[in-house]
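The values are calculated or read from the model by the stated rules, or taken from the named source; none is laboratory data. All values reported here derive from a predicted model rather than from experimental measurement. Glycine also receives a Cβ, built like all others from the backbone with ideal geometry; neighbour counts cover every protein chain displayed.
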Amino acid sequence: MNRDFLQELGLRADNDGTSTGTSSHHNPGVHLSSYSPVDGQLIGRVSVTTREQYDAVIEKAEAAFLHWRSIPAPQRGEVVRQYGQALREHKDALGRLVSYEMGKSLQEGWGEVQEMIDICDFAVGLSRQLYGLTMHSERPLHRMYEQWHPLGIVGIISAFNFPVAVWSWNSMIALVCGNVNVWKPSEKAPLCGVACQNIWAGVAKANNLPEGICNLINGDYQVGEWMTTDTRVPLISATGSTRMGKIVAQTVGARLGKTLLELGGNNAIIITESADMDLVLTGALFGAVGTCGQRCTSTRRLIVHESRYAEVRDKLAAAYGQLRIGDPLDQHNHVGPLIDKDAVAMYLKAIEGIEAEGGETIVPGGVLEGPGYESGCYVKPCFFAVKADSKMARHETFAPILYIMPYATLEEAIAIQNSVPQGLSSAIMTTNMRESELFLSAAGSDCGIANVNIGTSGAEIGGAFGGEKETGGGRESGSDSWKAYMRRQTNTINYSTQLPLAQGIKFDL
Ligand code: UN1
């Protein structure tokens, strides 16, 4: 494996896992070791943040906030523009690191960096558009308006599956809004965090910015808990499992802090009688096996009209037969490994559960062995026919496991699709306008994302990303998601010589 990209990104065998942005102090204490699921090799180690270092990071961030918030938003946007430019320069190397450390295909690794570049561009434009409304006061010679101010420190907890893009959605928007941020990346992909921080350090230095604007901390849930319990961190944006999200929501809620949660999905495609089969096959296959089924938007369920059921099942099974599984940096392969052996164990346990509840195997699963599969993390994408009320299909297993189930009426299909606890992404494949409009109506999909003739994954950055129910309710990335990173202030200004009270109240002495 050619590892030149590590050097380009400033990564060493031992990396400082705690950084406030422009300098690095090596911490010789406890380390996280990052092993690649691609070949099982140790890529590097990252020092774990100590409580003392954490407090120092927060103090630096608090001080940096006082400076950063005073810089006009368009000038903050200019710094973000430069970060986007630096990402363009390092796109190849960072994409390779994402692919090697996380295991997604190189195309998807580059795609993730492209998503970062795009959110930088979006944030630059946004830096001149942080608009508030003006209202008509009910009192004469008064003016009312609202404005948006930054919150302070934004704590970002990110997952292994999008180890760089999801941080950028949060951090780049938070930055133009005037916040500083503290990032705890997944302990399963810590080097991606260090690489992004190193690129930030170059941009910060070139702009004479103080330390503490973008900060990196590393460790397990305990390090995350320092942030979730810390009243100095007004907003926690967390991406990961529903289990983790419930703990974060309760901890931050107990101190009445704000949360932005991006949790599990259980995404379905409804395939109707009139569906265009070419679109179905591409959308369902990429949705189910892309990123080895480890996107929160991965397609997990196909709900198929009974008249097309056998056709979808058979054509898709044939397409599964064409998949090449192996080294994700080799562009001939479609599917790389799962993130680690724990994920493999969960995949196997889910297959056992499906078989136990009477699911019918269409494409069997299994762990791959032999040359090229030494890491033990490569599995076969698999496909099962289950009943609409399958218990297993209600759970999100973060692996390439796809369920298919039949339906008779669209109302029934929508009810099945909405019957799961999660509510992130959904899609309908149809050429019938009545069907697509019903699916998008209030009586249709209950998800945060509802697509027509597109699969469930691969959302564009321009839209608000997130979902309902156990997905957590947060919205990140595009549209007006920026409002979650700011506090709204309503201002009423009296330019008269009287002080009339609202609601017509008289209060004369
Ligand atoms: C995630 O899996 O956490 O919509 C994010 C998509 C990507 C982002 C997924 N743009 O599939």
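Of the residues that make up the range 176-184, is at least one in contact with a His (Cβ under 8 Å, 6 or more places away or on another chain) and surrounded by fewer than 24 Cβ atoms within 10 Å (Cβ to Cβ)? Yes, there is a match, as at least one residue in the range 176-184 is in contact with a His (Cβ under 8 Å, 6 or more places away or on another chain) and surrounded by fewer than 24 Cβ atoms within 10 Å (Cβ to Cβ).
Can you name every residue in the range 110-125 that is acidic (Asp, Glu), over 14 Å from ASN170 (Cβ atoms) and within 13 Å of the ligand (Cβ to nearest atom)? Outline the logic, then answer.
To start, the set of residues in the range 110-125 that are acidic (Asp, Glu) comprises 112, 115, 118, 121.
Next, from what is left, pick out any that are over 14 Å from ASN170 (Cβ atoms): 112, 118, 121.
Those that are acidic (Asp, Glu), over 14 Å from ASN170 (Cβ atoms) and within 13 Å of the ligand (Cβ to nearest atom): GLU112, ASP118.
The helices (runs of 4 or more DSSP H) falling completely within the range 3-114 that include 3 or more residues that are surrounded by 18 or more Cβ atoms within 10 Å (Cβ to Cβ) map to 51-68, 73-89, 91-102.
Within 16 Å of the ligand (Cβ to nearest atom) and either surrounded by 18 or more Cβ atoms within 10 Å (Cβ to Cβ) or under 19 Å from the mean Cα position of the chain (by Cα) (or both): does that describe GLY472? Against the criterion (within 16 Å of the ligand (Cβ to nearest atom) and either surrounded by 18 or more Cβ atoms within 10 Å (Cβ to Cβ) or under 19 Å from the mean Cα position of the chain (by Cα) (or both)), GLY472 qualifies. Here THR242 does not qualify as more than 16 Å from the ligand (Cβ to nearest atom), more than 30 Å from ALA408 (Cβ to Cβ) and of a type in the set (Val, Ile, Thr).
Checking the conditions here, which among TRP226, TRP167, TRP200 is assigned to a helix (DSSP H, G or I) and within 15 Å of the ligand (Cβ to nearest atom)?
Working: TRP226 fails: within 15 Å of the ligand (Cβ to nearest atom); TRP200 fails: within 15 Å of the ligand (Cβ to nearest atom).
Testing whether each residue is assigned to a helix (DSSP H, G or I) and within 15 Å of the ligand (Cβ to nearest atom) leaves just TRP167.
Screening LEU338 with (1) within 15 Å of the ligand (Cβ to nearest atom); (2) surrounded by 23 or more Cβ atoms within 10 Å (Cβ to Cβ); (3) within 26 Å of GLU468 (Cα to Cα) gives one miss only, at (3).
When the range 400-416 is examined, which residues are found to be under 30 Å from ALA345 (Cα atoms) and over 22 Å from the mean Cα position of the chain (by Cα)? Before the answer, list the steps.
As a first pass, look at the range 400-416 and keep what is under 30 Å from ALA345 (Cα atoms): 400-406, 416.
Selection gives TYR403, ILE404, MET405, PRO406, ILE416.
Among the residues of the range 154-167, those identified as in contact (Cβ under 8 Å) with a residue 60 or more places away in the chain and farther than 13 Å from LEU216 by Cβ are VAL154, ALA159, PHE160, ASN161, PHE162, VAL166. Any idea how many residues of the range 361-399 are in a strand (DSSP E or B) and either among the aliphatic types (A, V, I, L, M) or exposed (fewer than 13 other Cβ atoms within 10 Å of the Cβ) (or both)? Number satisfying all stated conditions: 5.
Under 22 Å from GLU273 (Cα atoms), in a helix (DSSP H, G or I) and of a type outside the set (Lys, Arg) - does that describe any residue in the range 420-432? Scanning the range 420-432 turns up no residue that is under 22 Å from GLU273 (Cα atoms), in a helix (DSSP H, G or I) and of a type outside the set (Lys, Arg). Could you tell me which of the residues GLU374, GLU369, GLU352, GLU360 is touching a Phe, Trp or Tyr at 6+ places or on another chain (Cβ under 8 Å), modelled with pLDDT of 95 or more and among the charged types (D, E, K, R)? After ruling out the rest, the residue left standing is GLU360.
Can you tell me which of VAL194, VAL182 is more than 16 Å from the ligand (Cβ to nearest atom), modelled with pLDDT of 95 or more and in a helix (DSSP H, G or I)? Steps first, answer last, please.
Numbers: VAL182 fails: in a helix (DSSP H, G or I).
After ruling out the rest, the residue left standing is VAL194.
Considering only residues of the range 251-296 that are within 23 Å of GLU411 (Cα to Cα) and polar (S, T, N, Q), which is farthest from the ligand (Cβ to nearest atom)? Within the range 251-296, the match that is farthest from the ligand (Cβ to nearest atom) is SER274. Does SER479 fit the bill of being within 16 Å of the ligand (Cβ to nearest atom) and either surrounded by fewer than 18 Cβ atoms within 10 Å (Cβ to Cβ) or without any contact (Cβ under 8 Å) to a residue 60 or more places away in the chain (or both)? When the stated conditions are applied, SER479 passes them.
So, of the residues in the range 413-451 that are out of contact with any Lys or Arg (no Cβ under 8 Å at 6 or more places or on another chain), within 16 Å of the ligand (Cβ to nearest atom) and not polar (S, T, N, Q), which turns out to be nearest to LEU281 (Cα to Cα)? Once the filter is applied, the top-ranked residue is ALA427. Number of residues in the range 106-145 that are without any contact (Cβ under 8 Å) to a residue 40 or more places away in the chain, under 19 Å from LYS483 (Cα atoms) and aromatic (Phe, Trp, Tyr) equals 1. Applying the condition of being touching a strand residue (DSSP E or B) at 6+ places or on another chain (Cβ under 6 Å) and more than 8 Å from the ligand (Cβ to nearest atom) to the range 457-469 and asking which residue is nearest to LYS246 (Cα to Cα) yields LYS469.
Among residues belonging to the range 237-278 that are part of a strand (DSSP E or B) and within 14 Å of the chain's Cα centre (by Cα), point out the one that is surrounded by the most Cβ atoms within 10 Å (Cβ to Cβ).
Filtering the range 237-278 for residues that are part of a strand (DSSP E or B) and within 14 Å of the chain's Cα centre (by Cα), the one surrounded by the most Cβ atoms within 10 Å (Cβ to Cβ) comes out as GLU262.
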